[in-house]
Amino acid sequence: MLFYVLSLFLAFFSRKIFLDCLGAEFIGLTGMLMNIMSFLSVAELGIGTSIVYFLYKPLQENNHEKINEVMSMLAFLYRCIGAIIGGAGMIVSLFFPWWFDHLTTGLLLVYFAFYSFLGSSVAGYIFNYKQLLVGANQKQYLVNSYFQTIGIVQSITQILLAYFYRNLWLWVVVGLIFTIIGIIIFNYRIQQLYPWLNIDMRKGRENLKKYPEVLKKTRQIFVQKIKDFILYRSDEIMVGMFVSVVKVAFYGNYTMIINKLNFLVNILSEGIGAGIGNLLAEGNEQNIMKVFWELTAARFLILGVIILSLILFFQPFIGCWLGEQYQLSNIIVYLLIFNLFIRYQTAAVYIYAGSAGLFSDVWAAWAELIVNISVTLLLAPTYGIAGILLGKIISFGFISSFWKPYYLFSQTFHRSVWEYWRGMAPYYFIFAFFTLLTIWLKQIVIDPHSDSFISLAFYGSVVIVPLLTFFFILLFQFTSGMKYFVARKPAIYKILNRITF
């Protein structure tokens, strides 16, 4: 949470400085190049996720020999991945003269920035794979503390240099230098933590025969990774291809805020999966369903706070923060918010499905992928960013809203999916009512007073506080899940019982 608050503050502050001092075109270019690097990182295939599974038992038993075997295998595979990503990046860069020939920054800077990002990524796979051992050993906080501290110092350095020198080349060089510093410091710390760690690349290749499950699990995860990338990580590439590089920067302002909210929600929900797995293992059917609806209510409460706040403040905040010239159309903003709603509204279903090991529906990932690409190619050339977002909403919305609940209720709960829809109906009705109410309040209260942060904060607080209060009370009144959730705090439960029917 500490690093979240620091990085959130720096993200908003640095975005304004970079746009003003380096230009929207350069920021859009770096966003697009970063997305290309994300695409290349799909070559990782989920190998890290597969191998970490084999570290838990030897770490518990303190079996150094077994840990060295697994880590040697990881080192060999990640070196291969680094080589693949490096080669693929070189091939992709051959197309830059066609993609970026219209930029005023010049192709030389494009290549320098891309090869710097590529070098940083390859070096991370070759030298930083040991962070998976630290995470498996329940010391992920060490990884976060080192890399996020370095990231914060890097951001501050880039802010100062951008403000005083406005040099695009210098901005890229600083990022490369801090990558090297991070590798050196982290590996030195690893050597102190695990002096017995002995990595042997030759044995790593041989150990693949001892662990055939690694490649099997990797194949299962690969389709999911491809689908997730296209749905969530390719936005800026699509915007650059179908709209313009400058619009990538505009769109990135909005997605940066959404990504920070996603990160916050993930912090709040860490550890829930393990608890649900334990609950399912107990086999108490009544308690399993009670907690399912309790978790659904809690997620809808979080969803309400986020979505209703975004409806009120998203556009006005961008206008006050960066200026009205950086605002996208209201249609695009509402589609962004609706896409976020689609992702969050079935969170309890996905948590339960993951804890129950329901991963065999590979066809669903392929269906999402095919529908997303088809709708995007059909709509994006005409409708631009709105078409790209509709591709995401349509592809993910159908699977997450209809198939996943059916899959969970039939395979894990052994109940009719109509029980799910009956339970969800009050949530959807309440949410729809408050969404329409919030849009109306935004138009008559917020929009006329969004010319400054002070005015926006004052009128916004007057609207959002009672709005969320009544949203919470109605959830408590009409859903059993919220009653279960609030009953964990008996004092609050008694108060709410007095003011509701």
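The values are calculated or read from the model by the stated rules, or taken from the named source; none is laboratory data. These figures come from a predicted structure and were not determined experimentally. Cβ atoms come from the backbone with ideal geometry, glycine included; neighbour counts cover every protein chain shown. Accessible surface areas use protein heavy atoms only, side chains included; no ligands, DNA or RNA. Shrake-Rupley method; radii C 1.70, N 1.55, O 1.52, S 1.80 Å.
Checking Leu142, Leu108 one by one, the residue that is of a type outside the set (Ser, Thr, Tyr) and over 21 Å from Ser7 (Cα atoms) is Leu108 and no other. Taken over the range 317-326, the criterion of being modelled with pLDDT of 85 or more and closer than 16 Å to Ile258 by Cβ is satisfied by Phe317, Ile318.
Among the residues of the range 484-501, those that are more than 28 Å from the chain's Cα centre (by Cα) and in contact (Cβ under 8 Å) with a residue 12 or more places away in the chain comprise Tyr484, Leu496, Ile499, Thr500, Phe501.
Scanning the range 246-266 for residues that are under 16 Å from the mean Cα position of the chain (by Cα) and modelled with pLDDT under 80 returns Lys260, Phe263, Leu264, Val265, Asn266. The set of residues in the range 103-134 that are without any contact (Cβ under 8 Å) to a residue 40 or more places away in the chain and either hydroxyl-bearing (Ser, Thr, Tyr) or open to solvent by 30 Å² or more (accessible area, probe 1.4 Å) (or both) comprises Leu107, Leu108, Tyr111, Tyr115. Could you list, in sequence order, all residues of the range 356-377 that are buried (at least 20 other Cβ atoms within 10 Å of the Cβ) and not β-branched (Val, Ile, Thr)? Of everything in the range 356-377, those that are buried (at least 20 other Cβ atoms within 10 Å of the Cβ) and not β-branched (Val, Ile, Thr) turn out to be Glu368, Asn372. Scanning the range 366-407 for residues that are modelled with pLDDT of 90 or more and in contact with a Phe, Trp or Tyr (Cβ under 6 Å, 6 or more places away or on another chain) yields a total of 1. Residues of the range 156-169 that are open to solvent by less than 70 Å² (accessible area, probe 1.4 Å) and at pLDDT 85 or above: Thr157, Gln158, Ile159.
The criterion of being open to solvent by less than 20 Å² (accessible area, probe 1.4 Å) and either part of a helix (DSSP H, G or I) or modelled with pLDDT under 80 (or both) holds for Leu279.
In the range 59-78, the qualifying residues are those that are in contact (Cβ under 8 Å) with a residue 60 or more places away in the chain and farther than 20 Å from Arg205 by Cβ, and the one that is surrounded by the most Cβ atoms within 10 Å (Cβ to Cβ) is Leu59.
Taken residue by residue, the range 461-472 has at least one member that is in contact (Cβ under 8 Å) with a residue 24 or more places away in the chain, open to solvent by 10 Å² or more (accessible area, probe 1.4 Å) and under 22 Å from Ala348 (Cβ atoms). Only a single item in (1) at pLDDT below 85; (2) more than 30 Å from Arg205 (Cβ to Cβ); (3) surrounded by 14 or more Cβ atoms within 10 Å (Cβ to Cβ) is not met by Phe186, and it is number (2).
Could you please let me know if Gln315 is free of Cβ contacts under 8 Å to residues at least 12 places away in the same chain and either part of a helix (DSSP H, G or I) or open to solvent by 30 Å² or more (accessible area, probe 1.4 Å) (or both)? Against the criterion (free of Cβ contacts under 8 Å to residues at least 12 places away in the same chain and either part of a helix (DSSP H, G or I) or open to solvent by 30 Å² or more (accessible area, probe 1.4 Å) (or both)), Gln315 does not qualify.
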